[in-house]
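These notes are about the structure you will find just below.
The values are calculated or read from the model by the stated rules, or taken from the named source; none is laboratory data. On a predicted model such as this, the values are computed, not experimentally measured, just so you know. Cβ atoms come from the backbone with ideal geometry, glycine included; neighbour counts cover every protein chain shown. Protein only, heavy atoms only, side chains kept; ligands, DNA and RNA dropped before computing areas. Shrake-Rupley method; radii C 1.70, N 1.55, O 1.52, S 1.80 Å.
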Amino acid sequence: YISDESDQIEIIFTRFKNLLTSETNIRTMLPLNSDKLKEENDELLMLTSSKNVAKIYDDFIREQPTDYLLMSVLPLYINDMILCALRESFCSEMSSRMLAMSTAKDNANDLIHSLTLEKNRSRQSAINRELNEISASVNALKDSGSFL
């Protein structure tokens, strides 16, 4: 950006909203735009009043030239933007992983339950079949007179 190879620098990241939702977000890092500071959801460089409205103060008394101050603060600002984007993306990834693992656990529990029912039914069916064979054998023996 400083060497005029690009006009604008943007960062694209996944913004964490809550445990169930995340959204893709594009934030312009450079050039700095004072209108961007007035956006409602931009936390960076935003001084809020009691009504959550950004206030931009431009009547500071500076001991250093503005260019010097800007070049001193700009790397910190960019590092903070990148760190915030990484934090948001990490939180989004972790919530997605938690949701996926929770869904996988629920599916595994459902599968275990259905397989247990199926196993119990087949076992009960085998027991019933054996009991029927035994009772049929007893009845056959009774009819033939060989039963004690």
Per the list (1) open to solvent by 60 Å² or more (accessible area, probe 1.4 Å); (2) among the acidic types (Asp, Glu); (3) in contact with a strand residue (DSSP E or B) (Cβ under 7 Å, 6 or more places away or on another chain), residue check on Glu88 breaks on (1)
Selected residue [surrounded by 11 or more Cβ atoms within 10 Å (Cβ to Cβ) and at pLDDT 90 or above] from Ser125, Ser114, Ser95
Ser95
Go through segment 128-148 and give me each residue that's assigned to a helix (DSSP H, G or I) and exposed (fewer than 10 other Cβ atoms within 10 Å of the Cβ).
Asp143, Ser144
Is there any pair with a first residue in segment 73-100 that is within 15 Å of Ile12 (Cβ to Cβ) and a second that is charged (D, E, K, R) and exposed (fewer than 15 other Cβ atoms within 10 Å of the Cβ) whose Cβ atoms are under 8 Å apart and which are 6 or more apart or on different chains, and what are they?
Cys84/Glu43
Within segment 1-43, considering residues that are more than 20 Å from Arg97 (Cβ to Cβ) and surrounded by 15 or more Cβ atoms within 10 Å (Cβ to Cβ), the one modelled with the highest pLDDT:
Ile11
